[in-house]
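A.B. asks: Below you will find the structure I want to go over with you.
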Amino acid sequence: MYQLLLTNRYLASRLTPLLAVAAVALCVALVIVVVSVMSGFLNMVQSSGRTLMGDVIISYPVRGIPYYDDLVERLEANEIVAAATPAIETWGLLRMPYPEGDAKESVKVQVWGIEPEGFAQVTSYLESLQWTKPPKEVIRHLLLDVIDSNANTLIAALDGPTRAALLQHTAPDSVAGMSADEIETLAVQLDNPAWDVRLRIVALEGVDAFRSTVNDAVWEAVVEVDPRLGPGTPTLEAGATLMRDGREGIVTGLHVSDANRRGSEGQTVIARDGYWWLPRFDVTLTTLPIDARGGILEPESISLPVANEYAAGVYLIDQTRVFVPIDLVQDITHLDEARLVDPDDPTTVIGTHPARATMVLVRGQDGVHPTQLRGVVDRIYDEFASAHGASFTPPPQRGLSPGLGIRTWEEQNASFIAPVQKERQLMQTLFSIIYVVCGALIVAIFWAIVYEKTRDIGILRSIGAPRSGIVMIFLLYGLVVSVLGSVAGVGLGWFVTTNVGSIHDGLSDPPLWPAWLLIGAGVALLAGGIITGRRRRMLPLLLGSYAMVACIAVAVGVILLRESGGMTIWDPSVYYFDEVPDQVDWREAITTAIGAVIASVIAASIPAARAADIDPVRALRYE
Amino acid sequence: MSDLVLSARGLARTYHLDRVDVPVLKDCSLDVEDGEWVAILGASGSGKSTLLHLLGALDRPDAGTVHIGGMELSRASQRQLDRVRAGQVGFVFQFYHLLPELTVLENSMLPAHMPGGVGASEGRRRALDLLERFALGDRLGHRPRELSGGERQRTALARALVNAPRVLLADEPTGNLDATTGAAILDVLSDLHRDGLTMVTVTHDQTIASRADRVLELTGGRLQLDDEAAEGADSKAVVESRRP
Ligand SMILES: Nc1ncnc2c1ncn2[C@@H]1O[C@H](COP(=O)(O)OP(=O)(O)O)[C@@H](O)[C@H]1O
Ligand SMILES: [Mg+2]
C-alpha cells in the first residue's frame with residue numbers, strides 16, 4: 001500500500017510530525033498521571049476506611065450497647081463472620097510529655113477503647129503498630145532513664161572490677177600509672193564515688209560502651225527495669241496487649257505526637273535525636289463523661305504509659321486516634337457496669353446497668369461482601385435485641401433507636417469517600433478536554449503538513465490516486481502519529497506516576513547536581529550560540545538563547561528552592577495520607593490512550609478532507 | 001478510425017479570474033493514431049498545459065469531448081477518471097514532479113499501486129526494466145535531490161510508463177534542461193516512439209517538434225496544422241544555426 005510507504009517516509013523525514021507525536025504523548029501522559037494519582041488516592045481513601053475498622057460497624061454512640069459480649073458471641077457463631085469485637089469511641093485531651101518544663105502541650109484526641117486481642121482479629125491493628133523494637137537512637141535515652149530511676153539498684157549490683165573500670169573510664173588522670181589491683185582497691189575505698197554519675201557518663205557514650213564496661217548483674221538489672229533494652233520484642237507486645245511495665249497503657253497514632261516527622265526517605269524521624277520517643281513517657285488522658293441526659297459530668301483524668309505507636313497511613317486517623325483498654329474507657333465515660341439503686345432509697349440495689357460499648361466491629365470471612373455481611377449482622381442484631389428486650393436496660397432496637405447504625409465501612413466513611421469520588425469524576429470530565437486539545441493540535445500540525453505537501457498531492461492525483469487514497473494517507477498518518485504518541489505518553493505517564501514519590505521528594509529537597517548540569521548546558525549553549533552567531537542565522541540563535549535562558553532560570557530555581565527549604569506539594573495533613581499514590585490506573589491509562597488515538601484520527605480527517613479537495617492542476621502548475 | 005488512441009473534439013476551457021474571464025482554449029480538436037507522435041507548438045501562455053491536462057483527464061473542459069481508448073471522459077465518473085490517469089495515460093512534466101521522500105525506484109513504481117495500475121510485482125519488474133533502459137539501474141535507491149535534471153526527468157519518464165499507458169503526455173519535457181541533456185531526453189523519446197509508443201508532447205521548442213510525426217500549433221485557443229514545422233529539415237537548420 002503506497003499510503004503506508006508515504007506515511008512512513010513523511011514521519012521519518014520531518015520534524016513537524018514528531019511535534020505532533022510529542023503533543024499527543026504529553027496530553028496522554030498528563031491525563032495518566034493526574035487520573036492515576038486521583039485513583040490511587042481514592043483507593044487509599046477506600047482501603048483506609050477499612051484499616052482499623054472492620055467490614056461492618058454496629059454503632060450506638062454515647063449511650064452504648066449493653067450485653068455486647070453476648071452480641072459478639074452471637075455474631076462469631078455465624079459462619080460468614082470471621083471475628084467481632086466491641087469498642088468505645090469518645091473524645092479526650094491528651095497531655096503530652098513535651099515540651100520540657102511544667103507547661104505541657106495538650107492535643108485533642110479521639111479515644112478508642114478496645115479489647116486488643118479481639119480488635120487485632122477484626123482489624124489490621126497488629127500490622128499497624130509502628131515499633132517492634134526501640135529505634136537505635138532511642139536506646140541510649142532508655143538506658144539513661146533506667147539509670148536515673150533505678151540508680152541504687154544498679155549501684156548495688158556493681159562488682160569490684162566494674163567499679164575499677166568505671167573509675168578508669170571517668171577519671172583516667174587519677175588512676176594514671178596504677179596497677180589493676182591498686183585501681184580496684186582505690187575504687188572500693190572512694191569517698192564520694194558518685195557511681196550513678198559515672199554510669200551516666202559511660203551510658204552517654206552508647207549502649208555498646210556501657211554494655212562492655214558493666215558486669216552482667218548490672219545489665220540484668222537494667223533489662224529487668226526496662227525489658228525493651230533486652231532480647232525479644234517487648235515493645236511490640238506492649239502495643240499488642242496495651243500493657244507496659246505491668247500497667248495498662250495507651251497506643252497513640254504516629255502523628256499525635258509532634259515529635260515524629262517524616263524524613264526524606266519516608267522514614268520516621270524522632271525529634272531531639274530520639275529523645276522525644278513517646279513510648280519512653282507517660283501521658284495523661286482527660287475525658288468529659290456525658291450522662292444519659294447529655295449533661296457533662298466531672299472530668300476524668302488518667303495517667304497512662306505509652307505502649308507503642310501505630311500508623312494506619314491515613315493522616316487524619318494517625319493524627320487524632322489513640323487506643324486504650326476498653327475497661328479504662330468504660331470507667332472514664334461511665335459506661336461501665338453499675339449498680340442501679342432505688343431513687344427513693346439509695347441503699348437498695350434494684351438491678352445492675354451492664355457495661356456498654358458504643359461500637360461492635362465485625363469482620364467477614366474472606367470473600368464475603370460487606371453488604372452481604374451487613375444483612376447477616378442486621379438479622380443477628382435483631383435476634384440479640386429481642387433476646388434482651390425484657391431486661392432492665394434493653395439494647396437499642398433497629399428502627400426504634402435513631403442513633404443506632406449498622407453500616408458497612410463504605411457507608412460509615414461515605415462522607416469521607418464520596419467527595420473524593422466526586423473529585424475524581426470531575427477531574428476525569430475536566431481532563432476529557434485533553435482530547436479536544438490533542439485533536440486541535442493534530443488539526444493545526446496536519447493542516448501545515450497538507451499545505452507543505454500540496455504539490456505531492458497533485459502529483460499523486462496526476463498518476464491516478466483517487467481522493468479516497470489521499471484521505472487514507474492522512475488518516476493513516478494520524479493513526480500512526482497518535483499511536484506512537486499514545487505509546488510514548490503511556491510510557492511517560494507510567495514513569496512519572498511510579499516515580500512520583502522520588503520526584504516529590506526531589507522537589508521538597510532538591511539535589512544540587514541538576515542545577516550544575518543545567519548551568520553547564522546553558523554555558524554550552526552560549527558557546528554554541530557565539531559560534532553559530534557568526535553565521536548570522538536568526539532561528540538557531542533565537543532558539544539557542546531561549547534554551548540557555550530556560551536552563552539557567554531552572555538552575556537558579558533549583559538553587560532558590562534549596563535555599564528556601566524545598567517545596568512540599570503533598571502535605572500529608574491536607575491529603576490525609578503520608579504517601580503520594582504511585583500506581584498507574586491501567587484501565588484509565590488504556591482508555592486515555594485509545595481516546596487520544598480516536599480523537600487524533602477524527603481530527604486528522606479534517607486536513608485529510610482538505611487534501612482530497614486540492615485541485616491537482618493548480619497544485620502542479622508551478623514548481 | 002479504429003486505431004485512434006486519443007480523440008478530442010471542440011475543447012474549450014475558460015479560467016475565471018475575479019471578474020475577468022480568460023478564455024484559454026476556444027475550439028481544439030485533435031486525433032492521435034496508435035503509434036503516432038504529435039507535437040503541439042505554442043508560445044508561453046498559449047494554453048498548452050491546459051490542453052494537456054484536459055487530454056489526460058486531470059481537468060474537465062467547459063465544452064467538447066475527449067475519447068481515450070474509446071471511453072468518453074465527460075461521461076466518466078470520478079473513479080473512472082482516476083483509473084484513466086493511472087492506467088491509460090502517462091504524464092511527464094517540465095519540473096519532473098517526483099516525490100522527494102521516495103527513491104528513484106519507489107517513485108517510478110508508484111502508479112503501479114494505484115487502482116487501475118499493474119500491481120506491485122509487475123510494476124516493480126517493469127520499473128526495473130525501464131530504469132535499466134534509461135541508464136538509471138545504479139540509481140535505484142537514490143532520492144530525487146541526489147539526481148541531475150536529466151536523471152530526474154528519466155525517472156519521471158519511467159514513472160509515466162510503468163503502467164504501460166496508451167499514450168504519453170509530455171509537457172515541455174526538456175523545458176528545464178540544458179541543450180545537451182534535453183537532446184538526450186529527446187533521443188529517449190524518439191527511441192520509445194520507434195518502439196511504438198503513442199505520444200503527445202507540447203513545447204515552444206522547435207527541436208522537439210522536428211522529431212514528431214505531426215506538428216500542430218496552438219494559437220488563439222485553436223489548433224492548426226503548422227506548415228513551417230512540417231518541413232523538418234528547415235526547422236532543424238534554424239535550431240542548429242542558433243547553437244554556438
Ligand atoms: N488556474 C488558472 N487561473 C487563471 N488563469 C490561469 C490558470 N491556469 C492558467 N491560467 C492562464 O491560462 C493561460 C494558459 O496557461 P497554460 O496552459 O499554462 O499555458 P502554457 O502551458 O502554454 O504556458 C495563461 O495565461 C495562464 O496565466
Ligand atoms: Mg505550460
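The values are calculated or read from the model by the stated rules, or taken from the named source; none is laboratory data. Predicted, not measured: the structure shown is a model, and the values here were computed from it. All Cβ positions, glycine included, derive from the backbone under ideal geometry; neighbour counts span all protein chains shown. Just so you know, the surface numbers come from the protein's heavy atoms only, side chains and all, with ligands and any DNA or RNA stripped out. Shrake-Rupley method; radii C 1.70, N 1.55, O 1.52, S 1.80 Å.
Residue-wise test of (1) buried (at least 20 other Cβ atoms within 10 Å of the Cβ); (2) more than 15 Å from the chain's Cα centre (by Cα); (3) more than 9 Å from chain A (Cβ to nearest Cβ).
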| position | (1), (2), (3) |
| --- | --- |
| B:His97 | yes, no, no |
| B:Gly123 | yes, yes, yes |
| B:Phe134 | yes, yes, yes |
| B:Asp138 | no, yes, yes |
| B:Arg145 | no, yes, yes |
| B:Arg154 | yes, no, yes |
| B:Ala158 | yes, no, yes |
| B:Leu169 | yes, no, yes |
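A.B. asks: Still on this structure: Conditions: (1) of a type in the set (Ser, Thr, Tyr); (2) free of Cβ contacts under 8 Å to residues at least 40 places away in the same chain; (3) more than 16 Å from ligand 2 (Cβ to nearest atom). B:Thr174 meets all but one. Number of the miss?
C.D. replies: Against the list (1) of a type in the set (Ser, Thr, Tyr); (2) free of Cβ contacts under 8 Å to residues at least 40 places away in the same chain; (3) more than 16 Å from ligand 2 (Cβ to nearest atom), B:Thr174 comes up short only on (3).
A.B. asks: With more than 13 Å from chain B (Cβ to nearest Cβ) and touching a residue at least 40 places away in the same chain (Cβ under 8 Å) as the only criterion, which of A:Leu426, A:Leu484 stands out?
C.D. replies: It is A:Leu484.
A.B. asks: A:Thr90: under 30 Å from A:Ala355 (Cα atoms) and open to solvent by 10 Å² or more (accessible area, probe 1.4 Å), yes or no?
C.D. replies: In short, yes.
A.B. asks: Only one of B:Gly64, B:Gly42, B:Gly10 is surrounded by 15 or more Cβ atoms within 10 Å (Cβ to Cβ), away from ligand 2 (no atom under 16 Å from the Cβ) and either aromatic (Phe, Trp, Tyr) or away from chain A (no Cβ under 13 Å) (or both); which? Reasoning before the result, please.
C.D. replies: Details: B:Gly42 fails: away from ligand 2 (no atom under 16 Å from the Cβ); B:Gly10 fails: surrounded by 15 or more Cβ atoms within 10 Å (Cβ to Cβ).
The match here is B:Gly64.
A.B. asks: Conditions: (1) within 16 Å of ligand 2 (Cβ to nearest atom); (2) modelled with pLDDT of 95 or more. B:Ala160 meets all but one. Number of the miss?
C.D. replies: Exception for B:Ala160: condition (1).
A.B. asks: Hey, another quick one. Anything in the stretch B:52-61 that is away from ligand 2 (no atom under 16 Å from the Cβ) and either facing chain A (nearest Cβ under 8 Å) or on the phi > 0 side of the Ramachandran plot (or both)? List them, or say none.
C.D. replies: Keep residues of the stretch B:52-61 that are away from ligand 2 (no atom under 16 Å from the Cβ), which gives B:57, B:60-61.
Hit for the stretch B:52-61 is B:Ala57, nothing else.
A.B. asks: Restricted to the stretch B:99-114, and to residues that are open to solvent by 10 Å² or more (accessible area, probe 1.4 Å) and more than 7 Å from every other protein chain (Cβ to nearest Cβ), which residue is nearest to the chain's Cα centre (by Cα)?
C.D. replies: Among them, the one singled out is B:Met109.
A.B. asks: With respect to B:Thr198, determine if the residue is away from ligand 1 (no atom under 16 Å from the Cβ), more than 14 Å from every other protein chain (Cβ to nearest Cβ) and surrounded by fewer than 20 Cβ atoms within 10 Å (Cβ to Cβ). Break it down into steps so the answer makes sense when it comes.
C.D. replies: On the way: away from ligand 1 (no atom under 16 Å from the Cβ): yes; more than 14 Å from every other protein chain (Cβ to nearest Cβ): yes; surrounded by fewer than 20 Cβ atoms within 10 Å (Cβ to Cβ): no.
Here the answer is no, as B:Thr198 does not meet what is asked.
A.B. asks: Which residues, counting only those in the stretch A:63-73, are of a type outside the set (Asp, Glu) and open to solvent by less than 80 Å² (accessible area, probe 1.4 Å)? Give the steps one after another, and end with the answer.
C.D. replies: Within the stretch A:63-73, the subset of a type outside the set (Asp, Glu) is A:63-68, A:71-72.
If the condition is that a residue be of a type outside the set (Asp, Glu) and open to solvent by less than 80 Å² (accessible area, probe 1.4 Å), then A:Gly64, A:Ile65, A:Pro66, A:Tyr67, A:Tyr68, A:Leu71, A:Val72 are the ones that fit.
A.B. asks: Then there's this: With A:Leu26, A:Leu4, A:Leu11 as the choices, which residue is open to solvent by 10 Å² or more (accessible area, probe 1.4 Å) and more than 14 Å from every other protein chain (Cβ to nearest Cβ)?
C.D. replies: Values: A:Leu4 fails: more than 14 Å from every other protein chain (Cβ to nearest Cβ); A:Leu11 fails: more than 14 Å from every other protein chain (Cβ to nearest Cβ).
Just a single option satisfies the conditions, and that option is A:Leu26.
A.B. asks: Considering each residue of the stretch B:75-95, count those that are surrounded by 24 or more Cβ atoms within 10 Å (Cβ to Cβ), touching a Leu at 6+ places or on another chain (Cβ under 7 Å) and assigned to a helix (DSSP H, G or I), and give that number.
C.D. replies: 1
A.B. asks: Looking for something modelled with pLDDT under 85 and closer than 30 Å to A:Tyr315 by Cα - is there at least one such residue anywhere in the stretch A:544-556?
C.D. replies: no
A.B. asks: Continuing with this model, one more query. Does the stretch B:13-33 hold any residues that are in contact (Cβ under 8 Å) with a residue 12 or more places away in the chain, among the aliphatic types (A, V, I, L, M) and away from ligand 2 (no atom under 16 Å from the Cβ), and which are they?
C.D. replies: B:Leu30, B:Val32, listed by residue number.
A.B. asks: If you don't mind, there's one more thing I want to ask. Does B:Asp18 satisfy the criteria of being charged (D, E, K, R), away from ligand 1 (no atom under 13 Å from the Cβ) and more than 12 Å from every other protein chain (Cβ to nearest Cβ)? Give the derivation first.
C.D. replies: Working: charged (D, E, K, R): yes; away from ligand 1 (no atom under 13 Å from the Cβ): no; more than 12 Å from every other protein chain (Cβ to nearest Cβ): yes.
It is false that B:Asp18 is charged (D, E, K, R), away from ligand 1 (no atom under 13 Å from the Cβ) and more than 12 Å from every other protein chain (Cβ to nearest Cβ).
A.B. asks: What number of residues in the stretch A:476-491 are under 21 Å from B:Met114 (Cβ atoms) and buried (at least 21 other Cβ atoms within 10 Å of the Cβ)?
C.D. replies: Within the stretch A:476-491, residues that are under 21 Å from B:Met114 (Cβ atoms) and buried (at least 21 other Cβ atoms within 10 Å of the Cβ) number 1.
A.B. asks: Still on this model: Out of everything in the stretch B:67-95 that is of a type in the set (A, V, I, L, M, F, W, C) and within 16 Å of the chain's Cα centre (by Cα), what residue ends up being nearest to the other protein chains (Cβ to nearest Cβ)?
C.D. replies: Out of the qualifying residues, it is B:Ala86.
A.B. asks: Let me ask something else about it. Among the residues of the stretch B:202-221, are any away from ligand 2 (no atom under 16 Å from the Cβ) and under 18 Å from B:Leu130 (Cα atoms)?
C.D. replies: no
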